[in-house]
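Written out below as structure tokens is the structure these notes cover.
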Amino acid sequence: MAILFPLVLTLTFGALQAGLWFEARSMCQAAAQAGVRAGKVLNAPSGAGAGAARSYLADVAGSLVVGPSLSEGRTAATVTVRCSGQAQNVIPLPGFEISVTQSANAGIERFTTR
């Protein structure tokens, strides 16, 4: 029993950590998608996508994504928003950081003539 308990405890905390990683990853992906939706609008100002993603994370993610970093990249035809950060740790151990990085891109809306 003394050998089994640490194994069960490790598996339990490992499952919780995996769940926190998955949720942080999902929050980063959703924030990147929200940023792309805001950034692809016709005549959207530069930085609108990163601002929308930052706002989404603040409203929805809480402390699931630690130290989020949001960036927006634009070309003439596309906008890309990237979200990265650290997943919340079940037991904070020095040097044990689980990073998450997600990005989304879409075409910028525009009018064309035939």
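The values are calculated or read from the model by the stated rules, or taken from the named source; none is laboratory data. Model, not experiment: these values are computed from the prediction. Cβ: placed from backbone, ideal geometry, glycine included. Neighbour counts: every protein chain shown.
Residue-by-condition table, conditions (1) out of contact with any helix residue (DSSP H, G or I) (no Cβ under 9 Å at 6 or more places or on another chain); (2) among the polar types (S, T, N, Q); (3) under 21 Å from S63 (Cβ atoms):
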{"residue": "I91", "(1), (2), (3)": "no, no, yes"}
{"residue": "G95", "(1), (2), (3)": "yes, no, yes"}
{"residue": "A104", "(1), (2), (3)": "no, no, no"}
{"residue": "F111", "(1), (2), (3)": "yes, no, no"}
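Do we have E97 as under 23 Å from G19 (Cβ atoms), assigned to a loop (DSSP other than H, G, I, E, B) and among the acidic types (D, E) here?
Values: under 23 Å from G19 (Cβ atoms): yes; assigned to a loop (DSSP other than H, G, I, E, B): yes; among the acidic types (D, E): yes.
In short, yes.
Looking only at region 60-94, which residues are in a loop (DSSP other than H, G, I, E, B), closer than 15 Å to N43 by Cα and either of a type in the set (A, V, I, L, M) or in contact with a strand residue (DSSP E or B) (Cβ under 9 Å, 6 or more places away or on another chain) (or both)?
Within region 60-94, the first condition is being in a loop (DSSP other than H, G, I, E, B), and the residues that meet it are 62-64, 75-77, 88-94.
If we keep only those that are closer than 15 Å to N43 by Cα as well, we get 75-77.
Listed by number, the residues that qualify are A76, A77.
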Of (1) among the hydroxyl-bearing types (S, T, Y); (2) farther than 26 Å from Q17 by Cα; (3) modelled with pLDDT of 95 or more, T75 fails just (3)
Just to verify a result, which residue in region 16-37, among those that are surrounded by 22 or more Cβ atoms within 10 Å (Cβ to Cβ) and not β-branched (V, I, T), is farthest from A106 (Cα to Cα)? A24
Is it the case that some residue within region 34-43 is closer than 17 Å to A77 by Cβ, of a type outside the set (G, A, S) and part of a helix (DSSP H, G or I)? yes
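Could you pull out the residue among G73, G85, G62 that is small (G, A, S) and surrounded by 16 or more Cβ atoms within 10 Å (Cβ to Cβ)?
Working: G73 fails: surrounded by 16 or more Cβ atoms within 10 Å (Cβ to Cβ); G62 fails: surrounded by 16 or more Cβ atoms within 10 Å (Cβ to Cβ).
Criteria check complete, one pass: G85.
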Kindly indicate which of A18, A48, A52, A58 is touching an Asp or Glu at 6+ places or on another chain (Cβ under 9 Å) and at pLDDT 90 or above. A48
Please enumerate the residues belonging to region 69-89 that are under 16 Å from V36 (Cβ atoms) and within 12 Å of the chain's Cα centre (by Cα). L70, S71, V81, R82, C83, S84
